[in-house]
Amino acid sequence: MTPSNADHDVDVVLAGSMFFDMVLTGLSAPPSAGTEVWASGMGSSPGGVANLAVAASRLGLRTALASTFGDDAYGRWCWRVLEQHEHIDLSRSRCLEDWHTAVTVSIAEHGDRSMITHGHDSPLRADDLLADAVSSAAAFAELSGMTTVDENEEWWRRAAASGTRVFADVGWDSTGVWDPATLDPLDSCYAFTPNQVEAMAYTRTDSPLAAARILAERVPLVVVTCGADGALAIDAEAGVEAVVPPVPVTLLDATGAGDVFAASFVLGTLRSWPLEQRLAFSALCSALAVQQFGGSLAAPGWGDIADWWARTRAAGESDLVRRYGFLDDAVPAGTAGTAGIVRRADATFRWPDDVIETIPNPDRPLTAPPTRLEGNHGNE
């Protein structure tokens, strides 16, 4: 915790949809109709907004998540993993009866991924879960969920008014319209973190930098991720622009890499790091994440970062050593080689011991008892 965040209940609060993710890697061939394709690797993990929550918590940020979980095997497992193993505050989340957890199958191939998702809209809005304000230094919100409710009920607007720095993201527009009105909530946000395709589509520009400069007229801080080309950012208040190249790694699965980048950037912002250092740190963390499969559980902890830094210095890679020299002060003392320091988890769908105890009695409540909803809300 930094001194500036000591007066807040948490460092980061997030709201959004939670998914059970199954990631398949190493396909023998692209899937096609009427065929069966084997994958050499598979991982399961909490997904959706959980990618951000886990990435933030792994870096030591006190993280609160407001989301809905189905009262099924997927939802119960995700709840236990996030609360018991990732130490995420779920007091604002709810486990719902008669509503099933959304499921995404992610297929990683050729350096990218495609996804198939099944689920239903949650009967509870983020504003229902965050009706009472949470004192937080930063908040994540998705623009697509920031324009559909009464302005007086918007949790993120209340948070911004109380001094919380709101970091906004945006999802893929499957309609292809890329309506500029989607960006209207940026006027109340501190930062916007789109990828290059999203940034250029919404601004009708042909380069990430041109898009970022237009967006910087609407929000104090713009960060655009550019995949294999690294990332760029503009701090409009300070009048600073920064560009960093990617960290060279062998890519296995890009699922959740953007979320790891965003969470890492928030950490650097809350620590008041220079813009270029924040970008470089975020590029490193996302690079470490894509070397593993499993989405949220591939997010690096300080142990992984310390291990990479020790290997990089030992290898004498001068460019990386110069770029990441700030890690000497950033990495917690004594982290490298320490078993107790947070590192990535294996993305296997294993029942935690405390969940196994509940299996004979599926009605036994979780930490928060399932919320009963009237009628059928997507239960198959």
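What to note about this one:
- Of all DSSP beta bridges in the stretch 6-119, antiparallel share, percent nearest 5: 50
- A crude spin-label estimate for the pair ASP179 and ALA73, with each label 7 Å from Cα along the Cβ direction, gives 4.0 nm.
- Efficiency of FRET between THR205 and SER144 - r from beta-carbon atoms, R0 22 angstrom, step 0.05: 0.60
- Taking the fewest neighbouring Cβ atoms within 10 Å as the starting point, the ordered list for ILE234, ILE305, ILE107 is ILE107, ILE234, ILE305.
- Computed about its Cα centre, the charge dipole of the stretch 47-198 is approximately 660 debye, with only Lys, Arg, Asp and Glu carrying charge at their Cβ.
- Here the gap between ARG311 and ASP229, fully extended at 0.36 nm per residue and compared with their Cα-Cα distance, gives a gain of 27.2 nm.
- Bridge type composition, the stretch 191-276 - antiparallel percent by DSSP, nearest 5: 75
- Close amide H partners of ARG165, meaning residues 5 or more places away or on another chain with modelled amide H under 5 Å apart, are ALA138, ALA139.
- When HIS87, HIS100 are arranged by Cβ crowding within 10 Å, least crowded first, meaning fewest neighbours, the order is HIS87, HIS100.
- Charge dipole of the stretch 154-303 (Cα centre as origin; +1 on each Lys and Arg Cβ, -1 on each Asp and Glu Cβ, all else neutral): 380 debye, rounded to the nearest 20.
Rule-based calculations on the coordinates, nothing more; no lab input. Because the structure is a prediction, the values reported are computed rather than measured. Glycine also receives a Cβ, built like all others from the backbone with ideal geometry; neighbour counts cover every protein chain displayed.
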